[in-house]
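Participant: Starting off with a structure, shown below.
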């Protein structure tokens, strides 16, 4: 009985990242997504995965391996958007300052 | 040694929702956030919390209680935005159809 709750928890928290990853891939919109969250979360899930491997606990390995793939994908999309936004701000600043410099 | 990975995993995956909740609260922007993710995730974390209580496992209880509060907050903000968007679309549709009907 108790294990059912753990099983439901593991399945739902793992599967929940599928619609989030799909939304980010489909729309390319990452504005409301926190870079800090996915940076911390991805490292945390990787740590859980190592724990699962060391403990030889298959449910922990499986759940965290799947979550790691999905979280890394979301993190990569968000990081790309942040880098693109920064370089376009820099580009705009250079364009703006150019007439003043010339 | 093994426990360190579990501890780091638990702390990071729990704390990671703080910047996400803060971003949503601060900006009110939930566009890139998946409603389906937070609906599944919140139920999953609640299931983990019940598991932790039944197993009398304090680390599982603590981590999931904190995550449940943060995830519920993000889910509520997202759900509110979805409901507001739907009612404004409905309002716009009614305004548009009004001249045709009259």
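The values are calculated or read from the model by the stated rules, or taken from the named source; none is laboratory data. Every value quoted in this text rests on a predicted model; they were computed, and no experiment measured them. Every residue, glycine as well, gets a Cβ built from its backbone with ideal geometry; the counts of neighbours run over all protein chains shown.
Participant: Within region A:77-85, identify whether any single residue is out of contact with any strand residue (DSSP E or B) (no Cβ under 7 Å at 6 or more places or on another chain) and either within 8 Å of chain B (Cβ to nearest Cβ) or within 18 Å of residue B:13 (Cα to Cα) (or both), and answer yes or no.
Facilitator: yes
Participant: Could you please find all residues in region A:5-30 being outside any helix (DSSP H, G or I) and within 8 Å of another protein chain (Cβ to nearest Cβ)?
Facilitator: Those that are outside any helix (DSSP H, G or I) and within 8 Å of another protein chain (Cβ to nearest Cβ): A:16, A:29, A:30.
Participant: With the condition kept exactly as written, say whether any residue in region A:31-39 is within 8 Å of another protein chain (Cβ to nearest Cβ), closer than 10 Å to residue A:67 by Cβ, in a helix (DSSP H, G or I) and modelled with pLDDT of 95 or more.
Facilitator: no
Participant: Something else: Looking at B:2, B:42, which is the one that is at pLDDT below 95 and either closer than 18 Å to residue B:77 by Cα or within 8 Å of another protein chain (Cβ to nearest Cβ) (or both)?
Facilitator: After applying the criteria, what remains is B:2.
Participant: Hey, among A:76, A:81, A:36, which residue is in contact (Cβ under 8 Å) with a residue 40 or more places away in the chain and either crowded, with 22+ Cβ neighbours inside 10 Å or within 18 Å of residue B:33 (Cα to Cα) (or both)?
Facilitator: Just one listed residue meets the conditions, A:81.
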